[in-house]
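The values are calculated or read from the model by the stated rules, or taken from the named source; none is laboratory data. Keep in mind it's a predicted model, so treat the numbers as computed, not measured.
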Amino acid sequence: MSDIRDAKVFKNGRSRAVRIPADWDRFGDVVTLRSVGNTVVIEPKHRNRLSEFLDSIEPLDEDFPEIDDPPPEPVDL
């Protein structure tokens, strides 16, 4: 899904803003901005929620019991 579009940059108070086309409305309400050389990258903030959560929790220090997992019984179709 590599689509390239031009977008309007405008003043919003003392800041500059970018109009995101309506059919690209998949960013949510919060985005992360990164500067890479002369490029500004806009990414949805929610993209890293799971990895951030997994990084924040302590590993479990317990052994899990073995689970009996017999093969399925044959079925005559």
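For this structure, a couple of remarks:
- Complete set of residues in the stretch 34-56 that are farther than 24 Å from Trp24 by Cα and modelled with pLDDT of 90 or more: Gly37
- Of the residues making up the stretch 8-22, those that are modelled with pLDDT under 90 and either under 18 Å from the mean Cα position of the chain (by Cα) or among the small types (Gly, Ala, Ser) (or both) are Ile20, Ala22.
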